[in-house]
Amino acid sequence: MADPKMINLTIEGRAVSVPAGTSILEAAKTAGVLIPHYCYHPGLPVAGVCRMCLVEVEKAPKLAPSCATAVADGQVVHVHSPKALEARKGVLEMLLINHPLDCPICDQAGECELQDYTYQEGRAEGRLREGKRFNPVEDFGGDVMYVANRCILCTRCVRFMDDVAQDAALNVSERGDRALIGKFEGKDLTHPWAGNVIDLCPVGALLSKDSLNKVRAWEVDRTASVCPGCSQGCNMIVETRDNLVVRLRPRANEEVNHFFMCDQGRLDYRWMNRQDRVEYPMVRRGDALAVTEWEGAVAEAAALLKGKRAFVLASPGLPNEALFLLSRLVKKTGGAGAFRVRQGDEAPLPGVNDLARRADLAPNGRGAELFGLARANAPLAGLQAGDVLVVADEELAGLDAPDVARAGAIVVIGTTLPAWARHAATVVLPITNVVEEEGTFTNLRGRVQRFRQARSGPGFSRPSWAVAADLLAALGESANYLLASEVFDALAAAHSEFAGMSYEALGLKGALVAGAGTGAVA
Amino acid sequence: MAIGVKVLDRPVAQTSYIRATLKGMALTAKHLLSPQKVTTQYPEQKKPLSPRWRGTHRMLTTEDGKAKCVACGLCPSICPANCIKLVPGEDEQGNRYPLVFEIDEFRCIFCGYCQEVCPEEAIHLGRHYENSEYSRQGFVYDLERLMAQTHPVCELWDPADPKGE
């Protein structure tokens, strides 16, 4: 495709050059000017109903809605001219006529666009003396609750359900000042991606029932991460308060998930805060596991592995870094490695190309395959008698007992200590989970994406890659890594698919492994 | 070698203590005859407090006896001493209210920011200074205790002179 024609215009005195067909609002973003807006969202069709994005365009007869006006050559746009400010102040006053102004009890306070723009450009005091309209709170099904009084009728939620989820469930009911968002007869927000309307809502009208009244927007720490729920690898923001994960939200990435995240991924965060974690390295002393220190536990695990084959049963939820080091452990001992992937139902989001909750309910199956681990339904089939079974963040439950019995000894590298490990494990090495360490996942399309540490791990647990590196070092390999990025550099040097990648280069959007275009998993 | 000290030869009128003693006794006798009382007979007698006095907190209540607090979370955010603990929840009517609201009066620096920031005019500092407890834990006031306080509340500014001029 030929390069689109570039249009040159001036916004707030700044020269801007954007492709033809761009809206003034998007063009202003490239110049670092945010034009206030409610109904416009880059992931949704343009509606032009809120009139909040009115700007003054020189030589135009009246103010233009910048979300619905395409740029033209030589345009001169004023965003903060007195005329534009006066118009937007009027719009805000109208929007606030029936708004209850209950910010102190509203969950959106602190991340509310109505609040932000009213403080920026609105009136200090309202002039309305009449009473306000009142509508009761409505349950929209799924995780969504609708507070009609706060709604400004931007119709983002309606357009998301119609055009992106393509499961028309919402509409604008009634007319005029009685208008509110309603559900179609017999419909509920039960679509697997319906929870996105909560993030799309610019005000506190659509709220998550799960996080209702739990947390204030200004109390949380936000960390860029990747959803570990399935092999799609949606980018997400982990919100923590007091070292506990309280909410997961989508993070925009045009290449993977655009602006969206499925409900299952969004609500599946409680396991990240599990309190029944294994906190100390442990070794078997007679019938029981005894707490010990790291050096002793690693030395004991290395002594078990010396001269034996290591059979690694790895979780596809481990980062590339840990899987790479475990594959080196396999190579070093001449053993084998396998993993299995839990299966779920595929749930696509029709309005976005190649976005679905995938059937593979693990984030890094592709990475595990790249490092030579074998994907299998019965992963222990290759376990030979006398092998040392290294169970890395995986369950033995559900596997054949005779298979397990062939193992000479079991080394558990895990976040928790399940019942089987309590009597079967010889050495237990505690690791941190996905929100407690940093690393990378390779999604099903071969996109390597970084996730960052959002909370601290419990007790003496250490990152999975650090434990694997210690084990390698104890076996005489050179594996002296202090940072996850150093492991990744070693990984990029050893595997041609990752050649040339580094943490800095991956950034927030990730990068594709070499040959990803041809080797895509169906 | 001895140090040479200069000895001043002053007249007796200057060096005699008799005159000074008599002067002091005269002052004492004067106060004995027309006494000036400066001691406040605390606790029978108390000095009036400024309307802007900032003492231990009090939570105001609505007419039906519930705390006015809606657990918006502004006071723990603004508190420079980090002495307010707040856990929001929902009551039977679905209204937002504080499940836990505790103020550690020992950590508090009585700046009055919590009262100033409160959108519901619920938490107030008190015009009150008599606090004593048998344990440090006694100074962690929970919601019930904050609501049970009856002392007058602080006015953050003098109504007659709101700008402090």
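Please report how far the C-alpha centroid of region B:89-165 lies from that of region B:31-48, rounded to the nearest whole angstrom.
A separation of 33 Å, based on Cα centres.
Could you point to the residue in A:122, A:181, A:109 farthest towards the positive end of region A:56-204's charge dipole, with +1 and -1 charges on the Cβ of Lys/Arg and Asp/Glu respectively?
The Cα lying farthest towards the positive end belongs to A:122.
At a Cα cut-off below 23 Å, give the lysines reachable from residue A:308, other chains included and same-chain residues fewer than 8 away excluded.
A:331, A:332
Based on the Cα coordinates of chain B, what is the per residue volume of their convex hull in Å³?
So the per-residue hull volume is 327 Å³.
Expected output is a single nm value to one decimal: the length gained when fully extending between residue A:46 and residue A:94, i.e. 0.36 nm times separation in residues minus the C-alpha distance. What is it? Before the final figure, lay out each step's value.
On the way: separation 48, 0.36 × 48 = 17.28 nm, distance 2.12 nm.
Difference between extended and current length: 15.2 nm.
Given R₀ = 45 Å, what would the calculated FRET efficiency be for residue A:353 paired with residue A:221, taking r from the Cβ atoms and rounding to 0.05?
On the way: r = 33 Å, r/R0 = 0.73.
Computed FRET efficiency for residue A:353 and residue A:221 comes out at 0.85.
In nm, to one decimal, how far is the modelled label at residue B:20 from the one at residue A:293, with both set 7 Å along Cα→Cβ?
7.3
Under 15 Å Cα-Cα from residue A:29, which aspartates and glutamates qualify once same-chain neighbours fewer than 8 residues away are excluded?
Those aspartates and glutamates meeting the cut-off are A:12.
Hey, can you grab everything whose amide H is under 5 Å from the amide H of residue A:390? Only 5+ residues off in sequence or another chain; H modelled, so Pro and N-termini drop out.
For residue A:390, whose amide H was placed from the backbone, the distant partners under 5 Å are A:311, A:312, A:313, A:411.
Are any of the pairs A:5/A:89; B:46/B:68; A:183/B:66; A:89/A:132 more than 26 Å apart by Cα-Cα distance, and if so, which?
A:5/A:89; B:46/B:68; A:183/B:66
Size of the dipole of the protein assembly as shown about the Cα centre, Lys and Arg at +1 and Asp and Glu at -1 on the beta carbon, nothing else charged, in debye to 20?
The calculated dipole for the protein assembly as shown is roughly 1760 debye.
So how strong a dipole does region A:282-512 carry about its Cα centre when Lys and Arg Cβ are +1 and Asp and Glu Cβ are -1, to the nearest 20 debye?
The calculation lands at about 240 debye.
Just flag the trypsin sites (Lys or Arg not before Pro) in region A:1-83 sitting in loop per DSSP whose Cβ has no more than 14 other Cβ atoms within 10 Å.
Of the trypsin sites (Lys or Arg not before Pro), the ones in loops of region A:1-83 whose Cβ has at most 14 other Cβ atoms within 10 Å are A:5, A:59, A:62.
With both partners inside chain A, how many of the DSSP beta bridges are antiparallel, as a percent to the nearest 5?
Antiparallel: roughly 70 percent of the beta bridges in chain A.
Just subtract the alpha-carbon distance of residue B:111 and residue B:41 from 0.36 nm times their residue separation and send over the number in nm, one decimal. Before the final figure, lay out each step's value.
On the way: separation 70, 0.36 × 70 = 25.20 nm, distance 2.94 nm.
Here the segment from residue B:111 to residue B:41 would lengthen by 22.3 nm.
Could you tell me which residue out of A:476, A:491, A:389 lies farthest along the dipole of chain A toward its positive end? Charges go on the beta carbon: Lys and Arg +1, Asp and Glu -1, centred on the Cα centre.
A:491
Give the residue from B:139, B:72, B:95 lying farthest towards the positive end of the charge dipole for region B:1-140; charges sit on Cβ (+1 for Lys and Arg, -1 for Asp and Glu) and the dipole is referred to the Cα centre.
B:139
Cross-link partners among lysines for residue A:59, C-alpha distance below 18 Å, same-chain residues fewer than 8 apart left out?
Output for residue A:59: A:83.
Give, as a single signed number, the net charge of other residues whose beta carbon lies under 12 Å from the beta carbon of residue A:156, with Lys and Arg counted +1 and Asp and Glu -1.
Here the count lands on -3.
How far apart, in nm, are two points set 7 Å out from the Cα along the Cα-to-Cβ line at residue B:33 and at residue A:76?
About 9.2 nm separates the two model spin labels.
Where the only charges are on Cβ atoms (+1 Lys, Arg; -1 Asp, Glu), what is the dipole of region A:6-95 about its Cα centre, to the nearest 20 debye?
With only Lys, Arg, Asp and Glu charged at Cβ, the dipole is about 120 debye.
Averaged over its residues, how many other protein chain Cβ atoms are within 10 Å of peptide A:160-170's Cβ atoms?
Mean shielding by partner chains, rounded to a whole number: 0.
Using the basic label-point model (7 angstrom from Cα toward the beta carbon), what is the residue A:244 to residue B:130 distance in nanometres?
4.1
Order these peptides, A:415-422, A:38-45, by their mean beta-carbon neighbour count within 10 angstrom, highest first.
Numbers: A:415-422: 16.4, A:38-45: 19.9.
Ranked by mean Cβ neighbours within 10 Å, highest first: A:38-45, A:415-422.
Where a number appears in this text, it was derived from the coordinates with a stated rule and is not lab data. None of these values were measured; they are calculated from a predicted model. Note: ideal-geometry Cβ built from the backbone for every residue, glycine included; neighbour counts use all protein chains shown.
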